[in-house]
Amino acid sequence: MSVRYRLIAVNELDAALVEAWRSIQRVEERFETPYFCPEFTQLVGSVRDDIRIVVIENGGRPAGFFPHQRASWGRGKPVGGPFSDYHGVIAASDTEWSVCDLMRAAKLSVWTFDHLVDASGKFAPYVTAHATSPQIDLSRGMEAYLHELGGPPSEFARKARKMAREVSALTFTLHEPAGIPMERLLEWKGDQYLRSGSPNAFGVRWTVELLRRVMELQTPEFAGVCSVLRAGDRVVAVHAGMRSRRVLHWWFPTYDQELARYSPGIILLMRIAEAVAPAGIRLLDLGKGDARYKTSLMTGAAELREGFVELPSLFRAARRLRRGAETLAAAGGLAATLRLPLRAIRRFERVRRFQ
């Protein structure tokens, strides 16, 4: 079978290609997350000009898609950079393609990944670490989920009653895309990043605009979901996520720190699960990480891969020099003089992830 690769811009993704993309999602369960929907790539492409897609053709027909984000020197990363909790090549298991040919078609010298779905195993030589994304199975409904969990989480139910009694009655809205809740989310997330010493993900314009556009888009195939928990008129927790037809992804949760003792974020999560299960959402993905609330509420997990593909280039040589310097710095002695500049480089790169 003939294999051909075609590099296109986001605006060249026409109706026929979108339908081919969706047809893969419909038969390949691992691509059901909203991150693998064409809408997510299109939305990121609407706020950035560096998004490209490699279309893989088998026998003259589109059989796979590799959306990616590119930078100078042929450096590539997943669409949305650190905003991407799932990425990879969207193709049926029997599609013919190779990683090196794909990289050349994309004109990339390196592509880094940290949430890779690789059911085909083609990226196995490039994987440096493994991870999981905890999930909640809602396919049999909320009652079945709670039964599998061993009953409703009594601690959080008690805290919900306590907050209602001591603050005000609780109300829940599944989707409220604009206004005070979104402003609270951006404010509280900024405070959270400041407390942790992490770069502010919403400190650059494109990330805020992307979040707003995701929340505004509402279609059967893909939609933003901005959920709000209030105590009286007071916003106490907000979550901005997104869903495909059958998967909702837990993306940016936040809550009022003054009310942290009531666990408003977990209460909001349980309200969301109760609301979406009857609407056809079969899976609530909590995102990569081993936070205690995730491990206590999960029923399973998706396998993810971390690593990078690197073709011969000047950039590859520079990366090897840096890794050698890091090895020397770790050894101590005179090499310890390298630690300060390397630390500065790593700090700069954490910020650059959002550029």
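Stretch Leu149-Ser72 to full length: gain in nm at 0.36 nm per residue minus the Cα-Cα span?
Full extension from Leu149 to Ser72 adds 22.9 nm.
Given that compact globular proteins tend to follow 2.2 N^0.38 Å, what is the ratio of the alpha-carbon Rg of region 169-272 to that value?
1.04
Go through region 44-51 residue by residue and turn each phi into a ³J(HN,Hα) via Karplus (6.51, -1.76, 1.60, θ = phi - 60°); whole Hz please, and just put x for glycine and proline.
Listing the rounded values in order: 5, x, 7, 10, 9, 9, 10, 9 Hz.
Using packing as a proxy for protection, rank 2-14, 234-246 so that the peptide with the highest average count of other Cβ atoms within 10 Å comes first.
Highest-to-lowest ranking by the protection proxy: 234-246, 2-14.
For region 133-204, which whole-number percentage of the solvent-accessible area (1.4 Å probe, protein heavy atoms only) is attributable to carbon and sulfur atoms?
51
Once the Cβ-Cβ distance between Arg234 and Ala279 is put in as r, and R0 is 22 Å, what FRET efficiency do you end up with, to the nearest 0.05?
Calculated transfer efficiency: 0.25.
Lys and Arg at +1, Asp and Glu at -1: add these up for the other residues within a Cβ distance under 14 Å of Ala129 and post the number.
Net of charged neighbours comes to -3.
Where does the chain land at 222 nm, in deg cm²/dmol rounded to the nearest 500, when only DSSP H runs of n ≥ 4 count, each adding -39500 (n - 2.57), divided by all residues?
-11500 deg cm²/dmol
Taking springs between alpha-carbon atoms closer than 10 angstrom, which of Thr41, Thr295, Thr254 fluctuates most in the Gaussian network model of the chain?
Comparing Thr41, Thr295, Thr254 in a Gaussian network model of the chain, the most mobile one is Thr295.
Say R0 is 30 Å: what FRET efficiency, to the nearest 0.05, do Ala9 and Glu29 get from their beta-carbon distance?
0.55
Report in % the part of the accessible area of region 31-94 that belongs to carbon and sulfur, leaving out ligands and nucleic acids; probe 1.4 Å.
C and S fraction of accessible area: 44 percent.
Per residue, how much space in cubic angstrom lies within the convex hull of the C-alpha atoms of the chain?
Once divided by residue count, the hull of the chain is 150 Å³.
For the chain, report the accessible area per residue in Å² (1.4 Å probe, heavy atoms, rounded to an integer).
Accessible area per residue: 47 Å².
What does the charge add up to near Ala105, with Lys and Arg as +1, Asp and Glu as -1, over the other residues with Cβ less than 12 Å from its Cβ?
With Lys, Arg at +1 and Asp, Glu at -1, the net is +3.
The values are calculated or read from the model by the stated rules, or taken from the named source; none is laboratory data. Keep in mind that this is a model prediction, so the values were computed, not measured. Glycine also receives a Cβ, built like all others from the backbone with ideal geometry; neighbour counts cover every protein chain displayed. The accessibility values were calculated without ligands, DNA or RNA, using every heavy atom of the protein model including side chains. Shrake-Rupley method; radii C 1.70, N 1.55, O 1.52, S 1.80 Å.
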